[in-house]
1. Between a residue in segment 282-304 that is in contact (Cβ under 8 Å) with a residue 12 or more places away in the chain and assigned by TED's automatic domain parsing to the domain that holds residue 22 and any residue that is exposed (fewer than 12 other Cβ atoms within 10 Å of the Cβ) and in a loop (DSSP other than H, G, I, E, B), which pairs come within a Cβ distance under 6 Å, given they are 6 or more apart or on different chains?
2. Inside segment 74-96, can you point out the residues that are surrounded by 14 or more Cβ atoms within 10 Å (Cβ to Cβ) and at positive phi?
3. Take the conditions closer than 23 Å to residue 266 by Cβ, in contact with a helix residue (DSSP H, G or I) (Cβ under 7 Å, 6 or more places away or on another chain) and assigned by TED's automatic domain parsing to the domain that holds residue 184 and apply them to residue 49. Does it pass?
4. Tell me whether segment 296-310 contains one or more residues that are under 30 Å from residue 206 (Cβ atoms) and surrounded by fewer than 17 Cβ atoms within 10 Å (Cβ to Cβ).
5. Do we find that residue 202 is surrounded by fewer than 16 Cβ atoms within 10 Å (Cβ to Cβ) and modelled with pLDDT of 90 or more in this structure?
6. Within segment 205-216, does at least one residue satisfy the condition of being part of a loop (DSSP other than H, G, I, E, B) and out of contact with any strand residue (DSSP E or B) (no Cβ under 8 Å at 6 or more places or on another chain)?
7. Of the conditions (1) within 22 Å of the chain's Cα centre (by Cα); (2) crowded, with 20+ Cβ neighbours inside 10 Å, residue 212 clears all except one; give me its number.
8. Taking helices (runs of 4 or more DSSP H) that do not extend beyond segment 232-344, which have at least 2 residues that are at pLDDT 90 or above?
């Protein structure tokens, strides 16, 4: 069976006045229909650029793909023109952007922006508006307007009918974020890239949005890549997780395996930094250091300078992923002995 999304050995560099930074360093990721993949890691690890690459929204220049493929059900997206990509965005690929203040057009009402997305998606799939293809423009726009009301209600915006006449500046940051979520899901995309979709939302609305995303996956057999810093959200929502560090995926697999039995030292460090109800005062562990400058990254494993278990061999080459369990792998040369090292 062909995977919904397959990223193969993707290399992306970004040019600047200081030099060229290898921000994605051989990304491999496979997402099937019905799966929700969490993409986690510190800021600057390449999570958002991975999502933007799938939608081909990383600006070029300065972005340059030197190697790799991004396959959507077997079709490589990297060689496609912008016109060809525009036909895929909204219907095949939905995107929830991280910053709601810059991703809504301030000159147009919320209703106009939502209905335009719905109409564009319906041009390729008439079932979205649930009206015949030969319907008049007026009928189709009315159906798109009704769908916009329904989507705003689903993401928890009260008085949705009247709020469609509002401009973005009349919404709070959290409400604008919900509009972006509605906009991304209104075309029922096959693949949804969600970049920190619940950051600006309170806990109750966050739970409602995550529940809606899971419901859409079940109803429409779609796939999701959820970019987040929140491992609690990953544990609650995702079926699989990929941990990124400095442009590399260092560990990936089913959520239960990765969170329940983390192997890579970086994954363990992230989980150790999360407080629990049993954490005693002063017992919370931090992760010393910072993500390296990718213009001059450290040789070999990019996590080695911060790793308590590093050895000279770690600086020789980028470690390949090692299978450590069913569909569970970690890119560490000491993966097989890590459990013993942790408890030594």
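The values are calculated or read from the model by the stated rules, or taken from the named source; none is laboratory data. In this text the structure is predicted, and so the values were computed from the model without any measurement. Neighbour counts run over all protein chains shown; Cβ positions are idealised from the backbone, glycine included.
1. Partner pairs satisfying both residue conditions: none exist.
2. Passing the criteria: only 90.
3. Details: closer than 23 Å to residue 266 by Cβ: yes; in contact with a helix residue (DSSP H, G or I) (Cβ under 7 Å, 6 or more places away or on another chain): no; assigned by TED's automatic domain parsing to the domain that holds residue 184: yes.
The answer is no for residue 49.
4. No, segment 296-310 contains no residue that is under 30 Å from residue 206 (Cβ atoms) and surrounded by fewer than 17 Cβ atoms within 10 Å (Cβ to Cβ).
5. no
6. Scanning segment 205-216, I find no residue that is part of a loop (DSSP other than H, G, I, E, B) and out of contact with any strand residue (DSSP E or B) (no Cβ under 8 Å at 6 or more places or on another chain), so the answer is no.
7. (2)
8. Where helices (runs of 4 or more DSSP H) fall fully within segment 232-344 and carry at least 2 residues being at pLDDT 90 or above, they are 255-260, 265-272.
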